[in-house]
Amino acid sequence: MLSVNYQIQIFSTWWFNNKPSYKMIRYGLFLAVFFGNTSFAKEEALNTLEQLSSLQGAKIKFELEQLPSGLWPTFIQLQDSHSLAKKVGTRGILLRIESDQLLVDFGRHGIIKVDPHQTNFFDELMAHIKSQKVKEFPNLALQIGNKLMRFDQGEESGAIRFEEIETKLLYILLYLDRYSPDQAQGLLDFGMVYSRLEKCYPNLIVILMPNDRTYYDFGATTSYSVPMIAPHMRRGYIDSLAHNIVTYPTLVACDANGKILARSDSTMTLKNLPSALESLLQLIGIDWISAVGKTNKKAEDK
């Protein structure tokens, strides 16, 4: 159910924002993704490649943000010099597309926005459409999928296996700043909500991204089952995901490739975290009420 809603959201946004001059290009790419690797979709997509190449050569603006993230390359290689990473051939991980620029993590060179025409982006895109090159794992899953853990009882506690993460289609990242004891009950209530949500939508995962290591002490003490980024990697990956968090707590919803689908607003607190998550999911077409309702009813009955 989640995957259907997720695909409808992507395609409806993409389809209804067409501009006539790019209609054939988008139509071909739409068919390639929607129908999978059928010969019909391939033929339609291949018919658009020359037009896509001409866009690359002429450096005409193409609204890449509307491109389905399943077509994003995992790695980006510089083919032109860049002011911050001058070495041609430098390779980085594609985080996402922002305003038709590629946001790429170049490691020691930093996180840099580059013009796609300075890179191998279009070559990788066309190779993917032609099915000459298949992406093994989604971008975000590959980046953080083996860096997650949970505190739980028995065998469920500890590092989360990548095989479990690679099935996830929707990532909800919960950014937290400093821990204080008055947050404990809100976190515990949310843990109950999450356990129900996970059963309703097994392809969804919530991940805690805390600045403060004390959250891990809380997790160990309470056997907290909501996944977290590994403690020794939290600072590096909070920085490298570059979600530019201003207020805490904040929820950021991403697809498995790292495309940002929605964010919570600045009024969110840990006490209203379940309702904030519900609102966030509604923004991306997931109508979820039951888990919050059951938890609230249980609290009222006490």
(Q) Taking the Cα centroid of region 219-250 and of region 97-117, what is the distance between the two, rounded to the nearest whole Å? (A) 23 Å
(Q) Placing one identical point scatterer on every Cα of region 140-301 and ignoring solvent, what is log10 I(q)/I(0) from the Debye formula at q = 0.10 Å⁻¹? (A) -0.32
(Q) Show me the ranking of peptides 159-167, 191-199 by mean Cβ neighbours inside 10 Å, starting with the highest. (A) 191-199, 159-167
(Q) Give me the extension gain from S195 to L283: residue separation times 0.36 nm, minus the current Cα-Cα distance, reported in nm with one decimal. (A) 29.6 nm
Q: Please find the FRET efficiency linking R91 to A230, where r is the Cβ-Cβ separation and R0 is fixed at 22 Å, and quote it to the nearest 0.05.
A: 0.35
Q | Values of log10 I(q)/I(0), in the order q = 0.10 Å⁻¹, for region 129-229 under a Debye, Cα-only, solvent-free model | A | -0.30
(Q) Amide H of Q79 versus every other amide H placed in the peptide plane: which residues, excluding those fewer than 5 positions away on the same chain, fall under 5 Å? (A) G89, T119, N120
Q) What FRET efficiency, computed as 1/(1 + (r/R0)^6) with R0 = 45 Å and r the Cβ-Cβ distance, is obtained for D100 and N272, rounded to the nearest 0.05? A) 0.80
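Computed from the coordinates by the stated procedures, all read-outs in this text should not be read as laboratory data. This structure is a prediction, so every number in the text was calculated from the model and none was measured. As a convention, Cβ positions derive from the backbone with ideal geometry for all residues, glycine included, and neighbour counts pool all protein chains shown.
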